[in-house]
Amino acid sequence: MSCLASCCASLTCGLCSSVASGISKKSARLAYCGLFGLSLIVSWILREVGTPLLEKFPWINTSDGDTHTKEWYQIQAVLRVSLGNFLFFGILSLIMIGIKDQNDKRDSWHHGGWCAKMIIWALLVVLMFFLPNVVISIYETISKFGAGLFLLVQVIILLDGVHTWNDAWVAKDEQKWLVQIPMSHHFLFLTLLSNNRTGLFRYVALLAISVGCYLAAFTFSGILFIWFNPSGHDCGLNVFFIVMTMILAFVFAVIALNPSVNGSLLPASVISVYCAYVCYTALSSEPHDYVCNGLHNKSKAVTISTLVLGMLTTVLSVLYSALRAGSSTTFLSPPSSPKSAGKKLLLEGEDVEEGTENKKDIEGRPVSYSYSFFHLIFALASMYSAMLLSGWTSSSESSDLIDVGWTSVWVRICSQWVTAGLYIWTLVAPLLFPDREFF
């Protein structure tokens, strides 16, 4: 038996070393993304099967006479894993403060040491199950604000992304094609003609995508009327949400096309589609026994495939949002980091950042994004994922469902309104404060 245990331990260590060595050759951001995804899967598993185990812990099961419900233990499991994940990324965020170039010793800490990181992460998660309930209650309250902050950062990144996309397409940079000296006037004419065709194609594509997005937004809003306003029922709240979404899309276009506003139809159309999507996610989060939830009120049973699909969607959306926001140079970028570094692909290899090749050539090279902010975003995403898996700590809905309940509905609707407010502000702020420079 001891021999078998020894073999298992050696195999585990060998597997850990192999994984760590493989990670060091790839993008560090992708590795952190995988570790965060693992934490979400662990949260989900403990949420489904961890109740009997938590009932045996006297410092958790402290009920005197009144027994806790199954939903309470599920929330405890999710919050404790989330707290361990939050501490892991929060500590890394504090350690990485002030890194400006790759010559900093902490740069290697960010990209390497994966065996130690995985062990520390596992220990933090396990230790959270030995904390008293009062600590978890405090973290539960703080998580609601942290999740809201994560949603706010996600919205700001979206706005920055659509404005950057629009600027890249409408920028009058055709002159860069004329840096070479033509050998004849005929060659110059062909070059100018090619440039004009390129610019025309850009504007036609810009208009086509904008119109397509608006058609999609209003068509989708019409479908929402069918799904969430069934005949024979008074669904005034759902109608209000859908109509407000359509009004916002119209207001976006009116303001963006105003001659006094330096706006464009592309960002307005993309934000309109996003608001329609957020409205859908809000309405689909309504309790399944609500008569106006036309998607789910006819079926009260929850299948395994529905649970798996819902969980995978949640995991992927949170992972992408955290990775995109954390890798952005919009927030808290180091002073030596160029803004143009944010145009790199998020999962692009970081061989130069890892310093594994041509180290002498990259001494002192500035980092391309803020490591501290990157880990901070994943710490906030840990809080957000905990709120999703616990229904924002509301046990009014079935414990088998994910991100369902009136709290989830209002959080998403408020997120939509904040998105609309921030986008309108980006358009009118230069008019209200002409002496200030806005980026």
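The values are calculated or read from the model by the stated rules, or taken from the named source; none is laboratory data. Note that the structure is predicted; figures quoted are calculated from it, not measured. Neighbour counts run over all protein chains shown; Cβ positions are idealised from the backbone, glycine included. Ligands, DNA and RNA are excluded from the accessible area calculation, which covers all protein heavy atoms including side chains. Shrake-Rupley method; radii C 1.70, N 1.55, O 1.52, S 1.80 Å.
Quick check on segment 44-60: of everything there that is touching a residue at least 12 places away in the same chain (Cβ under 8 Å) and under 15 Å from Pro132 (Cβ atoms), which residue is surrounded by the fewest Cβ atoms within 10 Å (Cβ to Cβ)? Ranking the candidates gives Trp59 first. Among residues of segment 237-258 that are aromatic (Phe, Trp, Tyr), those with a beta-carbon under 7 Å from a residue that is crowded, with 19+ Cβ neighbours inside 10 Å at least six positions away or on a different chain give the pairs Phe241/Cys279; Phe241/Ala282; Phe241/Leu283; Phe241/Ile413; Phe252/Ala268; Phe252/Ile271; Phe252/Ser272; Phe252/Tyr423.
Of the numbered conditions (1) out of contact with any Ser or Thr (no Cβ under 6 Å at 6 or more places or on another chain); (2) open to solvent by 50 Å² or more (accessible area, probe 1.4 Å), Ile97 fails exactly one; give the number of that condition. The failed condition is (1).
Yes/no matrix, rows are residues, columns are (1) open to solvent by less than 20 Å² (accessible area, probe 1.4 Å); (2) under 19 Å from Trp406 (Cα atoms):
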position	(1), (2)
Tyr203	no, no
Cys213	no, no
Ala217	yes, no
Gly222	no, no
Asp234	no, yes
Leu237	no, yes
Phe241	yes, yes
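Set side by side, the residues Gly84, Gly37 differ, and just one is out of contact with any strand residue (DSSP E or B) (no Cβ under 7 Å at 6 or more places or on another chain), in a helix (DSSP H, G or I), closer than 18 Å to Leu380 by Cα and without any contact (Cβ under 8 Å) to a residue 60 or more places away in the chain, which is Gly84.
Within the group Trp121, Trp109, which residue is open to solvent by less than 50 Å² (accessible area, probe 1.4 Å) and not β-branched (Val, Ile, Thr)?
Criteria check complete, one pass: Trp121.
Within segment 222-256, the set of residues being not in a helix (DSSP H, G or I) and not acidic (Asp, Glu) comprises Asn229, Pro230, Ser231, Gly232, His233, Cys235. If you go through segment 120-130 and keep only what is touching a residue at least 24 places away in the same chain (Cβ under 8 Å) and closer than 11 Å to Gly84 by Cα, you end up with Ile120, Trp121, Leu124, Val125, Val126, Leu127, Met128, Phe129.
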